[in-house]
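The values are calculated or read from the model by the stated rules, or taken from the named source; none is laboratory data. Keep in mind it's a predicted model, so treat the numbers as computed, not measured. Here the Cβ positions follow ideal geometry from the backbone for every residue, glycine too, while neighbour counts run over all protein chains shown.
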Amino acid sequence: MPNQHALTDADLLAAYAPPSGPFVRFNFVSSLDGAATVDGVSAALGGEADSRLFALLRWHADVVLIGAGTLRAEGYEGDLVDAAARQWRADRGLPAHPGIAVISGELQIEADSDFFVHAPVRPVLLTTTAAASSERAERLAEQADIVAVGETITPAGILAACADRSWQRIHAEGGPHVLGTFIDADAVDSFCLTLAPWLTGGQASRIATSRDSSLRRLALHQVLVDGDELLLEYRRASHEGALPRP
């Protein structure tokens, strides 16, 4: 089992490179007993290895996709990638920064939040047709592009909006409701999970929640270890085998 600590950033970038064409990847961390957060945020669960991979996975992304709840809980102020990532992306003909798209059914986001003030690129807010014509949308339009994806927000509508912007490599970071709806729609191509060595108990949410239960089988693509953390990637069977394991 490869040790992540022994792999260079270049090794990890090669191992996690997406195949050509549209590709939807989710990245989450979980405690051993299935908690997605501690005190409402996921950062408390992951260690150094998780943080390293969390940052590197963005290097490949055309867009980082998050739900409004994750935005409020985790912040997302400032650059999504560092200077080394920007140079790596430029060397490969990619924009220096990936896009940032936020899913928000009611646009309950403050227009003067640090997220907008310090965003390295103009954010895109994916919302409903009704919300896109609301007064909230008018206020937020100075800070972001407002995109209606349908009468309701669905993965199909989200992916269509991304395709309109030529965003193929979609890197989603939460939250549980976003992952749950993509599972229901069978729209997850890659699932990266850091299994953190903690038991939490309590009432923390799972990493995926949705109205319906769905059973979607993925194929194990790779396993890395770093100390007591396991870093797993599963892929849709049609993508398995496209890349060598490290």
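State which residue pairs qualify: first residue in contact (Cβ under 8 Å) with a residue 24 or more places away in the chain and inside the range 1-24, second residue acidic (Asp, Glu) in any location, beta carbons under 6 Å apart, and separation of 6 or more residues or different chains.
Pairs that qualify, where the first residue is in contact (Cβ under 8 Å) with a residue 24 or more places away in the chain and the partner is acidic (Asp, Glu), are Gln4/Asp226; His5/Asp226; Phe23/Asp189; Val24/Asp189.
Give Thr70, Thr37 a once-over and let me know the one that is closer than 20 Å to Ala187 by Cα and either basic (Lys, Arg) or at pLDDT below 95 (or both).
Within the list Thr70, Thr37, the selection yields Thr70.
So if I check each of Gly105, Gly69, which one is touching a Gly at 6+ places or on another chain (Cβ under 7 Å), of a type in the set (Gly, Ala, Ser) and touching a residue at least 12 places away in the same chain (Cβ under 8 Å)? So that I can check it myself, show each step before the final result.
On the way: Gly105 fails: touching a Gly at 6+ places or on another chain (Cβ under 7 Å).
Among Gly105, Gly69, only Gly69 is touching a Gly at 6+ places or on another chain (Cβ under 7 Å), of a type in the set (Gly, Ala, Ser) and touching a residue at least 12 places away in the same chain (Cβ under 8 Å).
Can you work out which of the residues in the range 30-62 that are part of a helix (DSSP H, G or I) and of a type in the set (Gly, Ala, Ser) is surrounded by the fewest Cβ atoms within 10 Å (Cβ to Cβ)?
Out of the qualifying residues, it is Ser51.
Considering only residues that are at positive phi and touching a residue at least 40 places away in the same chain (Cβ under 8 Å), which ones fall in the range 144-166?
Matches in the range 144-166: Ser166 only.
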